[in-house]
Amino acid sequence: MTRASALTILLAVAACGPAPDRTASNSAGAALEAAATRTGLIVDPTRVNLVGAWARDTDRVCVVPAGPSSYRIGALVDYGPAQGCAASGTAERQGDRVDIRFGDCRFRAQLVGDRMVFPATMPHACHGLCTGRASLAALTVEHLSASRSEAVTLRAPDRTPLCPG
């Protein structure tokens, strides 16, 4: 038996043993994060109120209630003349995820703390909602207000309400 064969057999036998428990839920960091969430130091995304005004820089999102577990949602990206997006549709929340439908444009956004993050890659049907080089991809907004009355004020460039209510 060659040295290489013996080493291969030894590594294969060692790999058969039980794997160490490295799940994030059992780590010291996860325990610390859970404690911080319980005390309110870290925002629990499953408890964030979706209703209201969301924004970051020139990006805006509005959310108003539409039913027991459904919402009307609008998004506005404004990068100047002929460079922007305007969309209006519906959303349903599932824990820290938000399933958004702007007509044929359908995707899942993620709630991270008190931020809403759109996916980095959007379905082809979403491209028609934008002009120029603008995109809804990776849109990230922070929850600024839980006020329904503020949310209904968001309007598209043609002055159409994005969250009619």
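The values are calculated or read from the model by the stated rules, or taken from the named source; none is laboratory data. Worth saying up front: this structure is predicted, and the values here are computed from it rather than measured. Because the Cβ atoms are built from the backbone with ideal geometry, glycine has one as well, and the counts that use them run over all protein chains shown.
What the table shows:
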quantity	calculated
Unmet requirement for PHE102, which otherwise passes all of (1) farther than 14 Å from VAL117 by Cα; (2) surrounded by fewer than 22 Cβ atoms within 10 Å (Cβ to Cβ)	(2)
Within the range 44-97, considering residues that are basic (Lys, Arg), part of a strand (DSSP E or B) and surrounded by fewer than 21 Cβ atoms within 10 Å (Cβ to Cβ), the one nearest to the chain's Cα centre (by Cα)	ARG97
Those residues of the range 131-165 which are in a loop (DSSP other than H, G, I, E, B) and under 17 Å from the mean Cα position of the chain (by Cα), in sequence order	SER135, LEU136, ALA137, ALA138, LEU139
Some residue of the range 119-130 being assigned to a strand (DSSP E or B) and crowded, with 17+ Cβ neighbours inside 10 Å	yes
From the options ALA55, ALA30, ALA24, ALA34, residue that is closer than 20 Å to GLN110 by Cα and modelled with pLDDT of 80 or more	ALA55
Filter result (farther than 18 Å from TRP54 by Cβ and either in contact with a strand residue (DSSP E or B) (Cβ under 9 Å, 6 or more places away or on another chain) or touching a residue at least 24 places away in the same chain (Cβ under 8 Å) (or both)) within the range 131-165	THR131, GLY132, ARG133, PRO157, ASP158, THR160
